[in-house]
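Please read the structure below before turning to the comments.
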Amino acid sequence: MTFNTIPLTRIAASLAKAMDIKPPAQADAPLPQIETFVKDHCISGKAERMLIYNPDAIGQWLIQKYTDDFAPVMRHTQLAIPFLTAFPPVTPVCFATMYTGAAPEIHGIRKYEKPVVKTDSLFDAFVRAGKRVALSAITGSSMGIIWSGKDIDYFLEKDGEAATARALELLDEDQYDVIVVYTMEYDDNIHATHPESPVSHASMVRHNQQFAELAEKTTSAWKQYDTLLVYATDHGIHKTIFGTGNHYADIPEDMNVTEFFGIQPAEK
Ligand SMILES: [Zn+2]
């Protein structure tokens, strides 16, 4: 297995550019293929709304091995790009990298710890551009902690089911331009069992369904807007010699992720 080559640092500016707003201050360059994709598919030429679904630890090899289980994600997206996540491949390091567009030595999270990130992020970029942002995450999770204190609305729920349900409600209420949803049951279960146990597999399937439910909801709730749907995980996973699942190593199983992008053109 070989390593992916496009660093995860390139997502933040790509998403900012998709909405035609200024990227986070220290973000790596946007990807031209995302820019072209957005221009080609949006009626207005840019994404007017954005839904980002962040399931934890859905490594790229899961997509290769359980491809059929990703059909619900593929149904609502038209572009998939392989990325190399940040090292070490642990949750706060990778999500800090994804949302700042900067490497760990810049944003400062270099190991498993959950400080509030001070480096300029996509959340700050959205707020500066006047976008109304909701973050629906899980209480005590990295995503629920490291972006604290911004001018966005936080909805911290007990689990991924509740975080998804909340986001579905928020879509119906139509008060936000950007909704970010974080779920972590797959990651919880791989640590408790291993990456391919029945309970882990069921969580992976469930995460893909959650994304599809959210995407489906945008087809009615955000019908009049050019909408960008993003399915972006933080890192992969492997089975250790102890028989349980984990992620921390500089190996393709932990470092390779594939992120999905979908455009729902406005019905104007
Ligand atoms: Zn994670």
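Throughout, read-outs are computed from the coordinates displayed, never taken from laboratory work. A quick note: this is a predicted structure, and the numbers were derived from the prediction, not measured. Cβ atoms come from the backbone with ideal geometry, glycine included; neighbour counts cover every protein chain shown.
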Where in segment 40-55 is the amide nitrogen less than 14 Å from a point lying 7 Å along the Cα-to-Cβ axis of GLN224?
49
Note to self: C-alpha centroids of segment 74-143 and segment 207-268 sit apart, in Å, by 13 Å
Have a look at ALA13, TYR248, ILE237 and report the one farthest towards the positive end of the charge dipole of the chain, computed about the Cα centre with Cβ charges (Lys/Arg +1, Asp/Glu -1).
ALA13
Counting pairs of alpha carbon atoms under 8 Å apart in space and at least six apart in sequence, what relative contact order in percent does segment 139-251 give?
24 percent
Percent relative contact order for segment 8-264, counting Cα pairs under 8 Å at least six residues apart, stands at 31 percent
Structure shown: which of LYS111/LYS150; LYS39/LYS150; LYS22/LYS46; LYS150/LYS223; LYS114/LYS150 lie over 25 Å apart, alpha-carbon to alpha-carbon?
LYS39/LYS150; LYS150/LYS223
So if we plug the beta-carbon distance of ALA80 and ILE241 into 1/(1 + (r/R0)^6) with R0 = 22 Å, what FRET efficiency do we get, rounded to 0.05?
0.10
Here, trypsin sites (Lys or Arg not before Pro) of segment 133-184 satisfying both criteria (DSSP loop; at most 11 other Cβ within 10 Å) are LYS158
Counting only DSSP beta bridges with both residues in the chain, tell me the antiparallel percent, nearest 5.
40 percent
Distant alpha-carbon pairs in the chain (separation over 34 angstrom), percent
9 percent
Can you give the longest stretch of the chain with no exposed loop site, where a site means chymotrypsin sites (Phe, Trp or Tyr not before Pro) in a DSSP loop (not H, G, I, E or B) with at most 12 other C-beta atoms within 10 Å?
113-241
Low-density loop positions, GluC sites (Glu not before Pro), segment 40-146 - DSSP coil, at most 15 other Cβ in 10 Å:
GLU113
Taking the alpha-carbon centre of each part, the distance from segment 1-49 to segment 147-175 in Å is 23 Å
